[in-house]
Each structure stands twice: as structure tokens, then as C-alpha cells.
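Taking it in order: structure first as C-alpha cells, then the write-up.
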Amino acid sequence: MSDDLAQAAELVHGAGALLVCAGAGMGVDSGLPDFRGDEGFWRAYPPYAGLGLSFEELADPRHFADDPELAWGFYGHRLALYRSTVPHEGFALLLRWGQAKPGGVRVFTSNVDGQFQVAGFPHLAEAHGSIHHLQCLDGCSDDIWSAADVDVDLDETTMRARPPLPSCPRCGGLTRPNILMFGDFSWVPGRTDAQLEELTAWRRANRDLVVVELGAGQAVPTVRRYSELASAATGALVRINPREPQIRHGRGVSIAAGALETLLKLA
């Protein structure tokens, strides 16, 4: 591991710009669950074990129409959890390294938790949206607005939300998080599209960037694919993953360890 760390440190040190690509594993060291498999999900949310509901089943937009108390119980709890979570020290290290680069730093993440914003990163592309933003369930418009004023009253025994549920300021109907869920054909992508356009323009202007990928698994490979695409021309990819560190020969360096542990060693 020492040789891999040395190679990774050399890449980051010599970078003209830093692109951070992060999956769910990035938040584990802050105490957030990564929902890996049914057992991992049920350890984080025991009431759903008794109901036999998996993460994939709960993260289905149809529940907002069919059983909105169940849907907002799950997402309301997550919203409260993410609001109360403090980003671990690794976020600050990445921000400091990136701000010292001539081209600066950008983030591409599948996480919807808002941890990078709390840590002070000014430019992000949130590929799956954000739990801190809302949209109308009925699609009365393509508006996306902040969830800052939303406070869901939750029965933690049943994990169901108590009325009143968050409503659309335009039509008065039910709202939902502006998150891309499983089998989701109603997600409003405008906010994410604008972020991705800015990131693409930045990448084109910074050909000497180095990609640091953290905690991105293969089950939903959005982040892994993006980090590989962004580093394809240079092979300047540092993949940090305790379970799935595999990387193609010549395409970068892989480190089989957690995010915070590795970032502290790189520092």
C-alpha cells in the first residue's frame, strides 16, 4: 500500500486541478449509512426490516402518490439525518488541496446528502439530485426549490410521517425530493443539468486535472464511470475503495481502504 500511496500523493501534488468523484462510501466516516445490501439498510432502519422493505423498494417515487406518509417518513428521516451530520476531516483536506491548484476543484457525486456543500465546496455536480431541494409531485411546473423550511413530523416507531406533508407553493399539491429515484420518470433534472454543464466546461479548460474517486461502488456505477471518463486521456485516477478497488492497468492507482483513513495518510 505504501507504493500506491506514494504514487497517489505524487499525482495529487502535481495536479493542475482536482476533480473529486464521490459515492456513498465517502459519507461512511461521517457516520452515514451506505445502504449496502438489505442487511446493511435494515441495520440503519430497523422498522423496515419488520416490513420486509428494501432500500430499492422505498426509494421508489410511486410511494409519494400511493402512500405519501410512508414515502415522506423515509425521506423526512434522511433529511433530518443529513442536516445533523458533520462532514469528516477528509472533506476539508480535499478542499484545501483543490483550492491550492491553479484550476481549482470540482465535485461529481451521486450522493444526495449535501455534505460537500456543508464542507464548503463551491462547485458541485449532484448526478442524482439533492434531498435538500424539492419539486412538485404532480408536475405543475419544472420549478425546483429549497427544502430549508421543511420539517417532517415522524413517528419513529412506524417510520411514517404525520400530516401535514410538504406541499407545493405553486399548486398546493404534494411535493417530493428532487432526487432521481429507482424507476423514476418524473424527476426534474434542471438543477443537475446546469451543474453538469458547468463541470463539463471546467474539465475542458483543465486538461491536467487529477481525479480522486472515493467510495464509489459498482452496483450503481454512475460515479465510477464518470471518474474513468474524466481521467481516460491521462490515467490520472486515484480510486479509494475498501471493497471494490479494482482498476484497469495503466488507468491510475487503486487503494483498498476507506476514504478518511486514506486521505489522512495522503496528507
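Restricting attention to region 195-212, the residues being over 17 Å from the mean Cα position of the chain (by Cα) and either without any contact (Cβ under 8 Å) to a residue 12 or more places away in the chain or under 23 Å from ASN178 (Cβ atoms) (or both) number 6. Would you check if PRO33 is closer than 20 Å to ALA259 by Cα, modelled with pLDDT under 85 and not in a strand (DSSP E or B)? Yes; evaluated as a whole, the condition is true for this residue. Does LEU81 qualify as being of a type in the set (A, V, I, L, M) and surrounded by 15 or more Cβ atoms within 10 Å (Cβ to Cβ)? Taking the combined requirement at face value, the residue satisfies it.
A Cβ distance below 7 Å, combined with a sequence gap of six or more or placement on separate chains, defines the contacts here; from region 142-156, residues that are under 14 Å from VAL188 (Cα atoms) reach residues that are of a type outside the set (Lys, Arg) and assigned to a loop (DSSP other than H, G, I, E, B) in the pairs ASP142/VAL188; ILE144/VAL188. Annotation note: of PHE74, PHE35, the sole residue that is in contact with a helix residue (DSSP H, G or I) (Cβ under 9 Å, 6 or more places away or on another chain), at positive phi and of a type in the set (Phe, Trp, Tyr) is PHE35. Given the condition under 21 Å from ASP3 (Cα atoms), at pLDDT below 95, in a loop (DSSP other than H, G, I, E, B) and over 16 Å from the mean Cα position of the chain (by Cα), answer yes or no: does some residue in region 213-234 qualify? Checked against the condition, which is being under 21 Å from ASP3 (Cα atoms), at pLDDT below 95, in a loop (DSSP other than H, G, I, E, B) and over 16 Å from the mean Cα position of the chain (by Cα), region 213-234 yields at least one hit. For ASN111, the conditions (1) modelled with pLDDT under 95; (2) not in a helix (DSSP H, G or I) all hold with the exception of (1). Here CYS140 passes the criteria (1) part of a loop (DSSP other than H, G, I, E, B); (2) closer than 14 Å to LEU79 by Cβ except the one numbered (2).
The residues of region 36-59 that are part of a helix (DSSP H, G or I), touching a residue at least 24 places away in the same chain (Cβ under 8 Å) and touching a Phe, Trp or Tyr at 6+ places or on another chain (Cβ under 8 Å), listed by number, are TYR48, GLU56. In region 16-27, the qualifying residues are those that are in a helix (DSSP H, G or I) and touching a helix residue (DSSP H, G or I) at 6+ places or on another chain (Cβ under 7 Å), and the one that is nearest to GLN218 (Cα to Cα) is GLY25. On the stretch given as region 145-170, residues that are surrounded by 14 or more Cβ atoms within 10 Å (Cβ to Cβ), in a loop (DSSP other than H, G, I, E, B) and either modelled with pLDDT of 95 or more or touching an Asp or Glu at 6+ places or on another chain (Cβ under 7 Å) (or both) total 6.
Based on what the data block shows, is GLY50 farther than 23 Å from MET26 by Cβ and either surrounded by 22 or more Cβ atoms within 10 Å (Cβ to Cβ) or in contact with an Asp or Glu (Cβ under 7 Å, 6 or more places away or on another chain) (or both)? No: the conditions fail for GLY50.
The values are calculated or read from the model by the stated rules, or taken from the named source; none is laboratory data. This structure is a prediction, so every number in the text was calculated from the model and none was measured. Note that we place each Cβ from the backbone using ideal geometry, even for glycine, and neighbour counts take in every protein chain shown.
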